[in-house]
Each structure stands twice: as C-alpha cells, then as structure tokens.
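Below is one structure; the comments refer to it alone.
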C-alpha cells in the first residue's frame, strides 16, 4: 500500500505540473481573448463568456508560480490515494491466493555447533535434502529457529 502511495505521488507530480502550467496558460489566453472580443464587438467584458470570473482569471494568470506547484501537489495527493487503494487491493488479492513463495535462510554454522554435530550420531532422513539440514541445524540450537 505504501509503495502504491509513493508511486501515485510521483506520477501525480509528473502529471500535475503540466496540468498546472496549462491552467495558468489557459487563464491568460481567456483574458486575452476577452480583451480582443470586447474591443472588436464593443461589448462590456462582464457580458462575455467568463466575464464574471475576470478577477479569478487575472489572479491565476498573475500567480502562475503558485498555481503550477499547487496543481502538481493536488494531483499527486489524488494519485497517491488512488494507487494506495490499488496496492491494497493487489495485496489482498495476492494474500488470498495462498501461493506464497517460501524462503529458506541458510545460516553459517559456528564451531561449537559443528563440534556438537560431530559428537552426536547422524540421523538419516529420507532423501538427505533440505529436511536433513533443517533437522541437524534445529537439533544443534535446541530446536528454536
């Protein structure tokens, strides 16, 4: 889940910064379009499309330095939440299958355990594979592994 959140945050930053830049550019473009349209048609700006939002568009266009990181962080937060949920769903799906990988750790034997093994008679196990090694190593440590 944590890995999904970090991946979503990183992808959100990468996607959100261009989105913020586009928003800032679009606000400036709409302001320019309104100015040209108001001059050409001789109509007051507040009668044009987005005429009531001129103040907001000006503040977005003027504060583009803040708009771009804000959009990137907002997109990163949304991406982190979405990919954290995706990671949780994948983890739940993997844990419900029961097909887990088993990991066998082979530890180096100390001189004391090697000496104890030489003094004890060898027990034979069928196959002599990993079970034989596990039986010998658990016997030398008192069976606590």
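Among the residues of the stretch 15-29, are any more than 33 Å from the chain's Cα centre (by Cα) and either closer than 30 Å to residue 79 by Cβ or part of a helix (DSSP H, G or I) (or both)?
Yes: one or more hits.
Identify all residues within the stretch 1-14 that are touching a residue at least 40 places away in the same chain (Cβ under 8 Å) and either over 21 Å from the mean Cα position of the chain (by Cα) or in a helix (DSSP H, G or I) (or both); write none if there are none.
2, 3, 4, 5, 6, 7, 8, 9, 10, 11, 12, 13
Being in contact (Cβ under 8 Å) with a residue 60 or more places away in the chain, assigned to a helix (DSSP H, G or I) and surrounded by 15 or more Cβ atoms within 10 Å (Cβ to Cβ) is the requirement here; does residue 72 meet it?
Values: in contact (Cβ under 8 Å) with a residue 60 or more places away in the chain: yes; assigned to a helix (DSSP H, G or I): yes; surrounded by 15 or more Cβ atoms within 10 Å (Cβ to Cβ): yes.
Against the criterion (in contact (Cβ under 8 Å) with a residue 60 or more places away in the chain, assigned to a helix (DSSP H, G or I) and surrounded by 15 or more Cβ atoms within 10 Å (Cβ to Cβ)), residue 72 qualifies.
Of all the residues that make up the stretch 42-77, how many are modelled with pLDDT under 85 and touching a helix residue (DSSP H, G or I) at 6+ places or on another chain (Cβ under 9 Å)? Lay out the reasoning, then the answer.
Step one: of the stretch 42-77, the residues modelled with pLDDT under 85 are 42-54.
From what's left, touching a helix residue (DSSP H, G or I) at 6+ places or on another chain (Cβ under 9 Å): 43-54.
Going through the stretch 42-77 one residue at a time, the tally reaches 12.
The values are calculated or read from the model by the stated rules, or taken from the named source; none is laboratory data. This one's a predicted model, so the numbers in the text were calculated from it and none came from an experiment. So basically every Cβ, Gly included, is an ideal-geometry build from the backbone, and we count neighbours across all protein chains shown.
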